[in-house]
Amino acid sequence: MLRGMRSTSVAAGLALLLTAGSLAAQTERPKLVVLIVVDQMRADYIGRFQHQWTSGLKRLVDDGAWFRQAAYPYFQTNTCAGHATISTGSLPESHGLIGNNWYDRSEGRLRACADDASAPLLSYGAPVDGAHGPGNLLVPTLADELKMQLPGTRTVSLAIKPRVGVSLAGQRSDAALWREDFTWVTSTAYTDRRIRFIEQFLDANPVEQALGTIWTRALPEETYLFDGVTEASNPREGWTDSFPYPLVGRNNTPDEVFAEQWENSPWSNDYLGRLAAAAVDALELGQRESTDYLAIGFPALDWTGHDYGPRSHEVQDILIRLDRTVGTLLDHFDAAVGPDQYVVALSADHGVMPIPEQRRARLGDAGRIPASRIVEAANAGVLAALGTPDTVAVFEEQDLYFTPGVYDRLLASPAALAQVVETIRSVEGVADVYRGDTIRERRDVGDPVERALARSYYPGRSGDLLVVLRPYWTTSTNAAGHGTSYDYDTRVPILFLGAGIAPGRYLAEVTPADIAPTLAEIAGITLARTDGRVLTEALVDP
């Protein structure tokens, strides 16, 4: 539930404060807080595929707290916004990471959400240019608050994507790791030297060992749903539209094609799981007097979903294998930390739409719009209204940015602005166009799309106009995309397991912004600013 949607009397508020104090006094903190984010895991994957799971995902569903009506309440559902929402308990309108990229008007270029000029990369391999850090994140993460409020806390963030590693870590981290240009890196925002246990793990487990591995189905083909050949798929270089998938690069060499194949395969998830176990052992996470934090961003489902869509054997197989990876990791926590001494939360950053061509063939009204078509329409509208050519600077996700001064001229002429908006609306597949400068006024009173857009909007970073497509239409060049407020993009699982959690299946409408406040309550700390709430219905009474 979002900020502002509940109220209590003063007396009830005092009672809640007294109860909270009693809970803190009587409940032991967990030794380890674990945050798992599965990139692009739709909520309906659990009901559809859980019969194929036998280990970790099954344990979370069967023995944990499963919130079945979880959804993001904002529009731009993508990786950076989702991970930041989960890690901070706030929405993009608060934490500021509105998308994977946005247009930096002052510099006249796209800015990636993890770009941070003050934090050069530190490579564990060949030198890598670039700088990533938390400079764009405007709200502390759960990890930051644990580290500030509890003595001795150690925090670890492990990922493949830079925007995941940074947003799960926050401002400080004892070990943060991801890949850049297919090389393992960290940032000087977190350390000025390589961390020994990571060096040892990477040296003992080079990714190149997977060269020649063939990704095949983990179970018999007849046990998978849907067709084994994905119509309208968009496979990676060297792969086709159906199993098997060899990890051989271009010429059976560990080149960049091999590295991309590896990252897109289940082996990248498995690698991160093993690295997480190594971090628990090396840093004694959960084995000291403090409460430690471990975050893992599993990426392979996202790339697989983009390439093959949600109705594919590939997506099912990633989840079958992830079930085993998570199971091995939970077993390791049981042995190293103790089965009642840690708490795990699992969710996803967004869902994914069906492949438009597949849906159009069956049900119609679905399609793909080249982003250039929307840019051309906007440019044509401005040319007709103001006589000025080539005025669109960038169209990114749903955000359309004009060159400096153009939008001010449009605002000064309502007829001209209406003409531009109508020209964009005329593009097939476009549902509507909204003004960025007034969308926040619609946060609590607008229609569902307006409210979602408002919660994604951050002044200075979001676009001048916000272009919304009809359901099942996309500008993505992937086989399947995401990034809207439609249910297939917003609905994700939320699962809790372990210390302080009351197992069960819960039907309350919740959001991933509720995860950090709930974990903070279990850990006995306070978050400074959240848009989510504590999911008290899933907490064990002392």
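Any read-out appearing in this document is the output of simple, stated calculations on the displayed coordinates, not a laboratory observation. Every value quoted in this text rests on a predicted model; they were computed, and no experiment measured them. For neighbour counting, all protein chains shown are included, and Cβ atoms are generated from backbone atoms with ideal geometry for every residue, glycine included.
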Rounded to the nearest 500, the 222 nm mean residue ellipticity computed for the chain from DSSP H runs (n ≥ 4, each -39500 (n - 2.57)) alone is -10500 deg cm²/dmol
If amide H atoms are modeled at 1.01 Å from N in the peptide plane, then the residues at a separation of 5 or more from W473, or on another chain, having amide H under 5 Å from its own are G367
Subtracting the Cα-Cα distance of Q200 and R172 from 0.36 nm times their residue separation yields 7.8 nm
Rounded to whole Å, √(5λ) for the Cα gyration tensor eigenvalues of segment 48-128, largest first, gives 34, 20, 11
Within segment 376-460, DSSP-loop GluC sites (Glu not before Pro) with at most 14 other C-beta atoms within 10 Å are E428
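For the chain, what's the relative contact order in percent, using C-alpha pairs closer than 8 Å and at least 6 residues apart?
28 percent
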Cα-based Debye curve of segment 443-486 sampled at q = 0.15, 0.29, 0.31 Å⁻¹ gives log₁₀ I(q)/I(0) of -0.45, -1.14, -1.19
Among GluC sites (Glu not before Pro) in segment 240-296, those in a DSSP loop whose Cβ has at most 13 other Cβ atoms within 10 Å are E289
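Assuming 0.36 nm per residue, please report the length gained on full extension of the stretch R470 to T223 beyond their Cα-Cα distance. If you can, show how the numbers build up before the last one.
On the way: separation 247, 0.36 × 247 = 88.92 nm, distance 3.43 nm.
Contour length minus the Cα-Cα distance gives 85.5 nm.
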Partner lysines whose C-alpha sits under 30 Å from that of K147, ignoring same-chain residues fewer than 8 away, are K31, K161
At q = 0.13, 0.24 Å⁻¹, the log10 of I(q)/I(0) for segment 303-372 from a Debye sum over equal Cα scatterers comes to -0.59, -1.11
Shape call for segment 247-339, from the Cα gyration tensor axes a ≥ b ≥ c (a/c under 1.5 means rounded, otherwise prolate when a/b beats b/c, else oblate), comes out prolate
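Counting other beta carbons within 10 Å of each Cβ, put K58, K31 in order, fewest first. List each step's numbers first, then the result.
Numbers: K58 17, K31 23.
With the fewest neighbours first, K58, K31 line up as K58, K31.
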Expected vector for segment 184-193, Karplus 3J(HN,Hα) from phi with 6.51, -1.76, 1.60 and θ = phi - 60°, integer Hz, x for Gly and Pro, equals 6, 9, 9, 10, 5, 5, 10, 7, 9, 8
Per the rule of 0.36 nm per residue minus the C-alpha distance, extending S413 to D444 adds in nm 8.4 nm
Phi angles of segment 444-450, converted by Karplus (6.51 cos²θ - 1.76 cosθ + 1.60, θ = phi - 60°) into ³J(HN,Hα) in whole Hz with x for Gly and Pro, give 10, 10, x, 6, x, 5, 4
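R0 = 51 Å: FRET efficiency of Q209 with L383, Cβ-based, nearest 0.05?
Numbers: r = 56 Å, r/R0 = 1.11.
It comes out at approximately 0.35.
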In whole angstrom, the spacing between the Cα centers of segment 72-114 and segment 365-390 equals 25 Å
Per residue convex hull volume, Cα only, the chain, in Å³ is 150 Å³
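At a 10 angstrom cut-off on C-beta neighbours, averaged per residue, how do the peptides 85-94, 515-524 rank from highest to lowest? Write down the numbers at each step before the final one.
Details: 85-94: 27.9, 515-524: 24.1.
So the peptides 85-94, 515-524, ranked by packing, come out 85-94, 515-524.
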Note: segment 272-311 at 25 °C, 0.890 mPa s; Kirkwood Rh on alpha carbon pairs; Stokes-Einstein D in µm²/s works out to 200 µm²/s
Distance in Å, no decimals, from the C-alpha centre of segment 478-542 to the one of segment 254-317 is 21 Å
Calc'd 3J(HN,Hα), segment 239-247, phi into Karplus 6.51 cos²θ - 1.76 cosθ + 1.60 (θ = phi - 60°), Hz, glycine/Pro = x, comes to 10, 10, 9, 7, 4, x, 10, x, 9
